[in-house]
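Presented below is the structure to which this report refers.
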Amino acid sequence: MELTQKHRDALHDVLRWRRDVRHFLPDPIPDETLHRLRAAMDLAPSVGNARPWRVLQVHTPALRHKIIANFEAANAEASQIYDEDTRASYAQLKLAGLREAPVHLAVFTDRDPAEGRGLGRQTMPEMLCYSSVTAIYTLWLAARAENLGLGWVSILDPDSVARTLGVPDDWKLTGYLCLGKAAFDNDTPLLHEKKWQENSPTRWEII
C-alpha cells in the first residue's frame, strides 16, 4: 500500500491534537470503542515480538480510591523539590484526571515473557519496557482518532500500585492511564498555557 499526502495530513492532525489530557467528561466509553483500542495496541511493535505489555482496566471503586490516594501522596512529596514560588505554581497545575476519567488502565511490562524467546533483549533488557511504551503511544494516537483523550499519570509510587493491583512480581508498572472524552479540545499543551515549559526542538545531529 502506497500512502498519500492525505494519509500524512491525517497523521499530522492526530499527532498535533494528541494531548496529555487531565480534564475529562464522565461519559462512559462504549465497549466496541474499547475493543478497537485494544486491537490498535495489537499493532504496536515490540522487541522480538515479545509483546510484554499487560493491561489491567481498573474498574473497582476501592482500587481507584487507593490509586488516587497514592497520587495525592506522591504529588505532595514531589512538590517539595521546588522553592516556595515555584511550588505555588506547581500546586496550580492539574496533573491527573483520576477522579473524572471513566476508564483507568494500568499498563505493566512482563520482564520475563516467554514470547519472543529472548530475541533482541539480551544486551538491552530495557527494550521490554520500551516496547510497552510503544504500545501505550499506539493507544494514545488511536484514542485521539476516536475523539478520546488519554492522560499518562507518572506521579505515583509504582511499587505501591503493583501491590494495590496484586500483580505478579515480574510485572513492572510502565504507565497508569486515564481514558475518556476530553472536557475540551486544545492543540496547545497545558504546560505551555501555564507557562511551565515550552517545547524545545528535537536535537538531531549528523556526525
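The values are calculated or read from the model by the stated rules, or taken from the named source; none is laboratory data. Everything numeric here is computed off the predicted structure, so don't read it as measured data. Glycine also receives a Cβ, built like all others from the backbone with ideal geometry; neighbour counts cover every protein chain displayed.
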Members of segment 143-155 found to be surrounded by fewer than 21 Cβ atoms within 10 Å (Cβ to Cβ) and either in contact with a helix residue (DSSP H, G or I) (Cβ under 6 Å, 6 or more places away or on another chain) or more than 19 Å from T109 (Cβ to Cβ) (or both), listed by number: A145, E146, N147, I155
Cβ pairs under 6 Å, 6+ apart, first in segment 167-178 and under 14 Å from V103 (Cβ atoms), second modelled with pLDDT under 95 and part of a loop (DSSP other than H, G, I, E, B): C178/G97
Hits in segment 85-103 - residues which are in contact with a helix residue (DSSP H, G or I) (Cβ under 6 Å, 6 or more places away or on another chain) and crowded, with 20+ Cβ neighbours inside 10 Å: A96, L98
Options K94, K172: the member that is closer than 21 Å to R38 by Cα, basic (K, R) and either in a strand (DSSP E or B) or at pLDDT below 95 (or both): K172
Criterion (free of Cβ contacts under 8 Å to residues at least 12 places away in the same chain and either hydroxyl-bearing (S, T, Y) or not in a loop (DSSP other than H, G, I, E, B) (or both)) met by exactly one of T134, T164, T123, T138: T123
Positions within segment 1-50 being of a type in the set (D, E, K, R), touching a strand residue (DSSP E or B) at 6+ places or on another chain (Cβ under 8 Å) and assigned to a helix (DSSP H, G or I), in sequence order: R38
Sole residue being surrounded by 15 or more Cβ atoms within 10 Å (Cβ to Cβ), in contact (Cβ under 8 Å) with a residue 24 or more places away in the chain and not hydrophobic (A, V, I, L, M, F, W, C), chosen from P45, P28, P52: P52
Segment 59-81: number of residues that are part of a helix (DSSP H, G or I) and in contact (Cβ under 8 Å) with a residue 40 or more places away in the chain: 10
For D185: the one exception among (1) closer than 22 Å to P28 by Cβ; (2) buried (at least 23 other Cβ atoms within 10 Å of the Cβ): (2)
Test: residue in segment 144-152 that is within 18 Å of F71 (Cβ to Cβ), touching a residue at least 40 places away in the same chain (Cβ under 8 Å) and in a helix (DSSP H, G or I): no
So G116, is it of a type outside the set (D, E), part of a loop (DSSP other than H, G, I, E, B), in contact with a Gly (Cβ under 7 Å, 6 or more places away or on another chain) and on the phi > 0 side of the Ramachandran plot: yes
